[in-house]
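The values are calculated or read from the model by the stated rules, or taken from the named source; none is laboratory data. Keep in mind the model is a prediction, meaning the values are calculated, not measured. Here the Cβ positions follow ideal geometry from the backbone for every residue, glycine too, while neighbour counts run over all protein chains shown.
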Amino acid sequence: MKYRSLLITGGAGFIGSNLAVYFKSKHPKLKVTVFDNLIRKGSELNLPRLKNHGIKFIRGDVRYPKDLKLKFDVDLVFECSAEPSVLAGYQNPHYIVDTNLMGTVNCLELCRQRKADMVFLSTSRVYPYEKINAIKFKEEKTRFAWPDFKGIGTDFALNGPKTLYGATKLASELILQEYVQAYGIKTIVNRCGVIAGPWQFGKVDQGVFTYWMLAHYFKKPLKYIGFGAKGKQLRDFLPV
Ligand SMILES: NC(=O)c1ccc[n+]([C@@H]2O[C@H](COP(=O)([O-])OP(=O)(O)OC[C@H]3O[C@@H](n4cnc5c(N)ncnc54)[C@H](O)[C@@H]3O)[C@@H](O)[C@H]2O)c1
């Protein structure tokens, strides 16, 4: 691996902590630092696990550039910090915009100053839901099906409402492209779909697979919502 010092913002969260442990286990010489403000309930439970793997933790907030003034070298940033829910931000959009958009800009500034590369975790929510819902589907006995539809590629339309979450992620992608062009930062954008796996702290609006298992385990009620509330929606889940 050509990198020597990896910073994972939002690294105490589900994906960030799994990436941190994966990279540290695979490349023991790599310095792995996790940066997180621990706003996501449950993220603090990942700290002992990260420490056991020799991963350094910094409590900080991507909204504040001063928190990102690090006293060590960084040559790769995984930007995993986010308010990752499609329901987030509607009472007060500030947190989601400040974190998901301005936080990414602050991380890009760090990359610019340190000549570091960035992997940015975006989302399939950048695609507008009205256009997705307009795709013809048919109702079968147990599920909805799309007989003539081959899936959504990166050439799918991007204009149209997509939630504050999706909009802040797409806005970050656009800014990121400008950083690539203007400053030569190397980046990968991953428009992740729904991801599931260990160390996810599921809640109603995010991390649903874990949430379902918890409800099943603790015998809590669950109900179907949306699309006639019949539970016929189909979704792929990728293991972290
Ligand atoms: N989990 C999924 O299915 C999924 C799907 C698509 C995209 N993503 C993206 O992947 C990334 C990671 O998602 P996740 O599932 O691990 O979510 P998560 O909530 O478990 O992790 C995000 C972490 O960011 C931290 N954070 C939030 N605001 C912060 C701030 N201002 N400063 C510093 N840290 C802050 C939280 O405390 C949390 O630990 C996000 O960008 C998310 O949008 C996730």
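Miscellaneous remarks
- Test: residue in segment 159-172 that is surrounded by 11 or more Cβ atoms within 10 Å (Cβ to Cβ), farther than 26 Å from R40 by Cα and not β-branched (V, I, T): yes
- Residues being under 13 Å from K41 (Cβ atoms), more than 9 Å from the ligand (Cβ to nearest atom) and assigned to a loop (DSSP other than H, G, I, E, B) - total across segment 194-218: 3
- Pairs, first more than 12 Å from V62 (Cα to Cα) in segment 34-47, second modelled with pLDDT of 95 or more and acidic (D, E), C-beta under 8 Å, six or more apart: S43/D36
- I58 being more than 8 Å from the ligand (Cβ to nearest atom) and not polar (S, T, N, Q): yes
Okay, residues lined up against (1) assigned to a helix (DSSP H, G or I); (2) among the hydroxyl-bearing types (S, T, Y); (3) touching a helix residue (DSSP H, G or I) at 6+ places or on another chain (Cβ under 7 Å); (4) more than 14 Å from the ligand (Cβ to nearest atom):
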| position | (1), (2), (3), (4) |
| --- | --- |
| F35 | no, no, no, no |
| R63 | no, no, yes, no |
| K66 | yes, no, no, no |
| L87 | no, no, no, no |
| G103 | yes, no, no, no |
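- Looking across V62, V86, one residue alone is surrounded by fewer than 19 Cβ atoms within 10 Å (Cβ to Cβ), touching a residue at least 24 places away in the same chain (Cβ under 8 Å), within 18 Å of the chain's Cα centre (by Cα) and on the phi < 0 side of the Ramachandran plot. It is V86.
- Segment 1-22: number of residues that are closer than 14 Å to D75 by Cα and within 19 Å of the chain's Cα centre (by Cα): 4
- Restricting segment 1-33 to residues that are assigned to a helix (DSSP H, G or I) and away from the ligand (no atom under 16 Å from the Cβ), the residue that is nearest to L121 (Cα to Cα): K24
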